[in-house]
Amino acid sequence: MVEHGIDATHAIVTMDAALPGIVWGWMITLNMWAKSIGTGVVLVGAYLLFRRGKEEMPNFRWMMPLVSFVFLNIFLLFTLLDLHQPLRMVNIFFHPHWTSAITVGAWMASLFTLLITVLMAIGILDAFPDLLRHNGLTKTVREKSPFYEKIFPFTVFLAIPVTLYTAVIMAESSARGLWQTPTELMQMLLAAFIAGSAALILISERWSQGARGDLAFVLMLATFFSFMMYMGEYFFSFKSEEAEVTLEYIHSGGEYNAEFWLGQVAGLIIPFFLAISAMKSDNKTLLKFAAILALIGLYFIKDVWLKIPQVLPLS
């Protein structure tokens, strides 16, 4: 924005100018990637608890919220660092505008993080009662365990809008034809299932074979449908001329072609086949390798999909 005043008429002249280059860079990519893990472990964890129960996953009650807590705070940290005026973030809580997706998302993410913190504390104290035994509080900690089951459903409920609201913010960005709410909502949800199942696979060493099989099944389904959606966008994006021109950056010879296909192959195609193989053989090493590839590839996919619409000049 260029602005100056005319002394004779006291008029103010303004001119809108497109910002050159990429505004939402690696910080936002890391933001979305971490949020997918933080919410995904809760969503996939809820499915596992429904299917298997906590007896088949000995360390689930404290490891799952711990993983979620770590990555949610990475998500919140880089959200704050990306703001030009980080201290103004407090206005979202003291002077909220509820028509803003950012405001609603910030409140939901903060409440979600609070619930995860409570779950983590209960899970750790329940799993390691020796931490408080010298204070004579072991019995009290064990009596609080039922609160975990009471809080967990609300946490699962909040995980859905928290992982989806970024898609609304992206779709609200003007002149970004590639970011459309319906497809972005589904991609955000699938990313959460990919990241959540992958993260839980990495901590599932002591879990039952059935629980690991369920994780492999979720990873297989999520990578398959996510790949199909990206291929639909890649080959059949006729909704606007802008979207087609934007996708030229990842088509053959495009600037982001190599990164796009690296993400698709490493993050979706290879984990899909490895997950199928692991479901048949219960190969822990193979399944963990699939999980690591899925997490790495997902980062590259999100990075490309975030940057290419910004490369296209708005004028």
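No value in this document is a laboratory result; all are computed from the given coordinates. Predicted model, so just to flag it, every value in this text is computed and none were measured. A quick note on method: Cβ atoms are made from the backbone with ideal geometry, for glycine too, and the neighbour counts reach across all protein chains shown.
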Next item on the list: Using the charge dipole of the range 25-311 (Lys, Arg: +1 at Cβ; Asp, Glu: -1 at Cβ; taken about the Cα centre), state which of His95, Ala243, Pro58 has its Cα farthest towards the positive end.
Entry: Pro58
Item checked: Approximate spin-label separation Glu242-Ser100, in nm, with each point projected 7 Å along Cα-to-Cβ -> 2.2 nm
Note to self: Cut-off is 10 Å between beta-carbons; in what order do His251, His95 appear when sorted fewest neighbours first?
What the structure shows: His95, His251
Margin query: To check my understanding: the extent here is largest minus smallest coordinate of the Cα atoms along each principal axis. What are those three numbers for the range 25-311, in Å, largest first?
Written below: 67, 55, 25
Check: Which order do peptides 286-294, 221-229, 37-45, 22-30 fall in by mean Cβ count within 10 Å, highest first?
Finding: 37-45, 286-294, 221-229, 22-30
Next item on the list: Would you mind ranking Trp33, Trp98 by Cβ crowding within 10 Å, fewest neighbours first?
Entry: Trp98, Trp33
Item checked: Efficiency of FRET between Ala121 and Phe235 - r from beta-carbon atoms, R0 35 angstrom, step 0.05 -> 0.15
Check: Taking only C-alpha pairs under 8 Å that are 6+ residues apart, what is the relative contact order of the range 25-311 in percent?
Finding: 24 percent
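Do the alpha carbons of any pairs in Lys150/Lys288; Lys35/Lys280; Lys150/Lys284; Lys54/Lys280; Lys54/Lys302; Lys150/Lys280 sit beyond 26 Å of each other, and which pairs?
Violating the 26 Å Cα-Cα cut-off are Lys150/Lys288; Lys35/Lys280; Lys150/Lys284; Lys54/Lys302; Lys150/Lys280.
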Notebook entry, point to check: Taking the Cβ of Pro58 as the center, what net charge do the other residues with Cβ under 11 Å away carry, scoring Lys and Arg +1 and Asp and Glu -1?
Noted result: 0
Next item on the list: Tell me the GluC sites (Glu not before Pro) within the range 216-286 that lie in a loop according to DSSP and have at most 16 other beta-carbon atoms within 10 Å.
Entry: Glu248, Glu255
Next item on the list: Rounding to the nearest 20 debye, state how big the charge dipole of the range 25-311 is about its Cα centre with +1 on each Lys and Arg Cβ and -1 on each Asp and Glu Cβ.
Entry: 1100 debye
